[in-house]
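Trainee: First the structure, then my questions, so here it is.
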Amino acid sequence: MKSVRSFLLVSFVTIFILTFAGAVTASEDNILTVAGFDSEKMKKGAPSGWELVDKAGVVNLNLEKVDDSYALHMTSSSKSSFGIKKEMEVKTVEYPFLSWEWKVAKLPTGADVRKSDTDDQAIQIYVAFEPTGWPAKLKTPTIGYIWGVECPKDTIVTSPQPLASKVRYIVLRNKTDELNKWYHQKQNIKEDYKKLFPDIDGGQPRDIEGISFYINSQHTKSEAESYIYDVRFSRD
């Protein structure tokens, strides 16, 4: 009887993990697929397993075929700020790398993450970690990997927006990069966390609790357009 209970418990836990909030999919022991987007189907305005976050203006996103997968295509107007997010649990020490494919078709005019009134990007990738306290909204260490415009590459910036000191950016690309061209990106999240958050637990990385993709151009009153797909965590 004891062995039966153990089996049922293990089965329940396994099912919970596989269904939790559209959790990451283990395609191999070495890889956790975050956004493979295997069809163009949308649910409530977002890809299956994701949640739409409509901050301002008109939302314009869809999934478009790229090779054997689909890419998230986002276009923002002069009043837009939106994205998609999903919760997940990932051990940073076990899967310290994040990689993806992205391209930008249009950059927001004169955007610069260093100033609150020009803080626009064609694409932002946010990795959220376990909160350090309450309220979680203000206490969640978050890395933002962005495709900037005026800000130099490799610049590290704390968000200029009010009450967002735990959101810290790394500018990976900017206006010097070619438009309408796919770029492969791979980041060591563990090392990036240490650089961005030396003031939290001595820079020891917390576990990941969620990921999101955003676009906005409402501050510069311009337009932006971007694509992203094949997003994954990996051991190496």
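Trainee: For the stretch 49-81, what are the residues that are part of a loop (DSSP other than H, G, I, E, B) and without any contact (Cβ under 8 Å) to a residue 24 or more places away in the chain?
Mentor: VAL58, VAL59, ASN60, ASP67, ASP68
Trainee: Can you name the residue in the stretch 114-142 that is among the β-branched types (Val, Ile, Thr) and farther than 17 Å from LYS79 by Cα and is also surrounded by the most Cβ atoms within 10 Å (Cβ to Cβ) among such residues?
Mentor: Out of the qualifying residues, it is ILE125.
Table: residues versus (1) buried (at least 18 other Cβ atoms within 10 Å of the Cβ); (2) within 24 Å of ARG235 (Cα to Cα); (3) modelled with pLDDT of 95 or more; (4) in contact with a helix residue (DSSP H, G or I) (Cβ under 9 Å, 6 or more places away or on another chain).
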| residue | (1), (2), (3), (4) |
| --- | --- |
| MET42 | no, no, no, no |
| ASP54 | no, no, yes, no |
| SER69 | no, yes, no, no |
| MET74 | yes, no, yes, no |
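Trainee: If a residue has to be within 19 Å of the chain's Cα centre (by Cα), of a type in the set (Gly, Ala, Ser) and farther than 19 Å from TRP100 by Cβ to count, how many in the stretch 34-57 make the cut?
Mentor: The qualifying residues number 2.
Each row is one residue, and each column tells you yes or no for (1) basic (Lys, Arg); (2) touching a helix residue (DSSP H, G or I) at 6+ places or on another chain (Cβ under 8 Å); (3) closer than 18 Å to TYR145 by Cβ; (4) surrounded by fewer than 13 Cβ atoms within 10 Å (Cβ to Cβ).
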{"position": "LYS186", "(1), (2), (3), (4)": "yes, no, yes, yes"}
{"position": "TYR193", "(1), (2), (3), (4)": "no, yes, yes, no"}
{"position": "GLY210", "(1), (2), (3), (4)": "no, no, yes, no"}
{"position": "ILE215", "(1), (2), (3), (4)": "no, no, yes, no"}
{"position": "SER222", "(1), (2), (3), (4)": "no, no, no, no"}
{"position": "TYR229", "(1), (2), (3), (4)": "no, no, yes, no"}
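Trainee: Scan the stretch 106-152 for residues that are closer than 13 Å to LYS175 by Cβ and among the hydrophobic types (A, V, I, L, M, F, W, C) and jot them down.
Mentor: LEU107, ALA111, VAL113, ALA122, ILE146, TRP147, VAL149, CYS151
Trainee: Report, ordered by the first and then the second residue, all pairs with beta carbons closer than 7 Å, sequence separation of six or more or different chains, a first member in the stretch 171-198 that is touching a residue at least 60 places away in the same chain (Cβ under 8 Å) and of a type in the set (S, T, N, Q), and a second member that is in a loop (DSSP other than H, G, I, E, B) and surrounded by 16 or more Cβ atoms within 10 Å (Cβ to Cβ).
Mentor: ASN188/PRO96
Trainee: Considering every residue within the stretch 109-118, establish whether at least one is in a loop (DSSP other than H, G, I, E, B), among the hydroxyl-bearing types (Ser, Thr, Tyr) and within 30 Å of ASN30 (Cβ to Cβ). Please lay out each step first, then the result.
Mentor: To start, the set of residues in the stretch 109-118 that are in a loop (DSSP other than H, G, I, E, B) comprises 109-115.
Applying the additional criterion that residues be among the hydroxyl-bearing types (Ser, Thr, Tyr) yields 109.
So of that shortlist, the ones also within 30 Å of ASN30 (Cβ to Cβ) come out as none.
Checked the stretch 109-118: no residue is in a loop (DSSP other than H, G, I, E, B), among the hydroxyl-bearing types (Ser, Thr, Tyr) and within 30 Å of ASN30 (Cβ to Cβ).
The values are calculated or read from the model by the stated rules, or taken from the named source; none is laboratory data. Keep in mind that what you see is a predicted model, and the values were worked out from it rather than measured. In this analysis, Cβ positions are derived from the backbone assuming ideal geometry, glycine residues included, and neighbour counts consider all displayed protein chains.
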